[in-house]
Amino acid sequence: MDRIRIVGGRPLVGSIAISGAKNATLPLMIASLLTDQTLVLDNVPRLADVGLLQRILGNHGVDVMVPGKRPGDTPDNGHTLHISAARIVDTTAPYELVSKMRASFWVIAPLLARMGEAKVSLPGGCAIGTRPVDLLIMALERLGAKIDIDGGYVVASAKGGLKGGEIRFPKVTVGGTHTAIMAAALANGSTLIENAAREPEIADVADCLNKMGAKISGAGTSRIAVEGVAKLSGARHSVLPDRIETGTYAMAVAMTGGDVLLEGARPELLQSALDVIAQSGSEVSATNQGIRVSRKNGGIMPVEVTTAPFPGFPTDLQAQLMALMTRAKGTSRITETIFENRFMHVQELARLGAHIHLDGETATIEGVGKLKGAPVMATDLRASVSLVIAALAAEGETMVNRVYHLDRGFERLEDKLSACGAAIERISG
Ligand code: EPZ
C-alpha cells in the first residue's frame, strides 16, 4: 500500500491549479443516466472515486469515452468524459460496487425516473457516521415510488412513471437534494423541494440538467421548483472548481507560512472558510486568477467554529482546520454538527504532539509551539489530508499510511505541494 513521506518545516510558495469538484463530478456523472444522449463533462478530476463510478455506470450499460491527449494539454487541465447511457441494460446496482462508494446509491433516482424501476444496494456503514438514506427514500416515495427493502437492497418501482409532488426535508441533506432533483426532472408534473441543500454542487448539477432540457429553478436556495419533462437531451458542461480542495491548500499555507495562488478557485464557493482562515491570521485575497493566501510573520490565531450546511463552515474542512489550530497561539473550539463520528483524526494528530480534548461534538484544541513528525494512519478522505497539513509544519519526518483514502478525493496532491516547495513524496507498495 502506498504511503506518503513528508519532512516538515518549509513554507509553501508558488501556485496550485484547483481541480474540478469531486462532489459535483459524481452526481453529474450519475445524471447521465437520465438521457439516452451523450453528456460531455469537462474539467473532471482524475480521482479514484471517478474511476470507480465509471465502473458502476458501466454495470448499467453506460459507455464512457475519454479522449486522448490534445496539443496544449497539461496535467493541470481536468480531463473530459463523454458519457453515453444510450441503453440501460441493468437497473441493479450491486452491493460489491455501492459499498465501495456511498454516493453511487444516488443512481436510484435516474434509474427509477427513466426506467420505472431500480434495485440498489444499501450503502452500509461509514467511518464518519451511520449515514442512513431514509430521507432519499422519503423523497422518492413523495414522487409516487413504491419502495421495499429486501436483502440489503432498496427495491423501487414507479409503474407509469414518477409524479410531481412536495418534498420537505426535515434536515438539510445534499444527497437527498440531488436525488429529489434528478427524480423530479423526468416526473409527470411539478415538484417543490423545501429545506433543500444549498451547496454549490447542487446548483452546478441543476445548471447542467437545465442544459439537458430540464426545468429547474431555485437551485442554490432552500426552495427548489422542478417542472418535469418527458425527455432530456445531451449537453456539455464544465465541472465547477473544488471548494474543499481550495480550502485544504489555503489551510496548508496558513499552517506552514508562505504565499500561494490557488488558480481557478472561486471565493464565493467557500467564503465562510476563507473568513476563518483570515481570522486565524493569514491574508486571503481574490485575484483575477483565483485566490491568493499568504502568511508571513504573524503566528496562527485561535478560532471558534461550528460546522453547518452551506453557506456555513463545511464539515469537509473541519479536520483540516483542526490541524491548523494545533499550532495556534491559544485555545480553539471546533464543533461538528453534521456527522456524529468525524473526529478520527484527533488521535493521529496527537501522535504528532497535538493537544486536543474531545467532549461530545466539540473538540478543544490547545495550541502547541511545535509538532514533531511520526508515523500516522489515514482513516477517511478528509482526516487523511489533515495529517498531511500537520506534517508539513512538523519537525522531522512523518509517514502517512493508507493514502488510498487521499486518492479518492485529491488529485496529484504530492505534485501540487512539492511544486510549492514541500518535501513530500509518495512511496509505492
Ligand atoms: C455529501 O454527503 C458529501 N458527499 C459529503 O462529502 C459531505 O460531507 C456531505 O454532503 C455534507 O456536506 C458527496 O457529495 C459525494 P448529507 P451526503 O446527506 O449527501 C444525515 C467528502 O468528504 N442524513 O448532506 O451523504 C446524514 O447522516 C464527503 O467528500 C440522514 O439522516 O451528506 C448526515 O448526518 C464526506 N438521512 C446529514 O444528514 C438521509 O437520508 C447530512 O448528510 C441522508 C442524510
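The values are calculated or read from the model by the stated rules, or taken from the named source; none is laboratory data. What you are looking at is a predicted structure, and each value in this text was computed from that prediction instead of being measured. Don't worry about glycine lacking a Cβ; one is built from the backbone with ideal geometry, like all the others, and counts go over all protein chains shown.
Side notes on the structure shown:
- Residue in segment 172-180 that is modelled with pLDDT of 95 or more and closer than 30 Å to residue 298 by Cβ present: no
- Pairs with Cβ under 7 Å, 6+ apart, first in segment 308-329 and within 15 Å of residue 23 (Cβ to Cβ) and aromatic (Phe, Trp, Tyr), second within 14 Å of the ligand (Cβ to nearest atom) and not in a loop (DSSP other than H, G, I, E, B): 310/200
- Of 336, 414, all but one fail to be in contact with a Lys or Arg (Cβ under 9 Å, 6 or more places away or on another chain), crowded, with 22+ Cβ neighbours inside 10 Å and not aliphatic (A, V, I, L, M); the exception is 336.
- Annotation: of all residues in segment 1-40 being surrounded by fewer than 24 Cβ atoms within 10 Å (Cβ to Cβ), of a type in the set (Gly, Ala, Ser) and part of a strand (DSSP E or B), the one that is nearest to the ligand (Cβ to nearest atom) is 17.
- As for segment 57-66, it holds at least one residue that is free of Cβ contacts under 8 Å to residues at least 24 places away in the same chain, surrounded by fewer than 17 Cβ atoms within 10 Å (Cβ to Cβ) and among the hydrophobic types (A, V, I, L, M, F, W, C).
- Total residues in segment 405-423 satisfying the condition of being hydrophobic (A, V, I, L, M, F, W, C) and either in a helix (DSSP H, G or I) or on the phi > 0 side of the Ramachandran plot (or both): the figure is 3.
- Count of segment 175-216 residues, restricted to those that are over 20 Å from residue 41 (Cβ atoms) and not hydroxyl-bearing (Ser, Thr, Tyr), is 15.
- Selected residue (criterion: surrounded by the most Cβ atoms within 10 Å (Cβ to Cβ)) from residues of segment 288-325 that are more than 24 Å from the chain's Cα centre (by Cα) and of a type in the set (S, T, N, Q): 294
- Against the conditions (1) closer than 21 Å to residue 197 by Cβ; (2) modelled with pLDDT of 95 or more, residue 343 satisfies every one except (1).
- Residue match in segment 223-239 (condition: crowded, with 20+ Cβ neighbours inside 10 Å, under 27 Å from residue 115 (Cβ atoms) and within 20 Å of the chain's Cα centre (by Cα)): yes
- Within segment 394-424, restricting attention to residues that are over 14 Å from residue 375 (Cα atoms) and among the hydroxyl-bearing types (Ser, Thr, Tyr), the residue that is modelled with the lowest pLDDT is 404.
- The single condition among (1) without any contact (Cβ under 8 Å) to a residue 60 or more places away in the chain; (2) away from the ligand (no atom under 15 Å from the Cβ); (3) within 17 Å of residue 27 (Cα to Cα) that residue 304 does not satisfy is (3).
- Looking only at segment 162-194, and only at residues there that are in a loop (DSSP other than H, G, I, E, B) and out of contact with any helix residue (DSSP H, G or I) (no Cβ under 6 Å at 6 or more places or on another chain), the one that is farthest from the ligand (Cβ to nearest atom): 189
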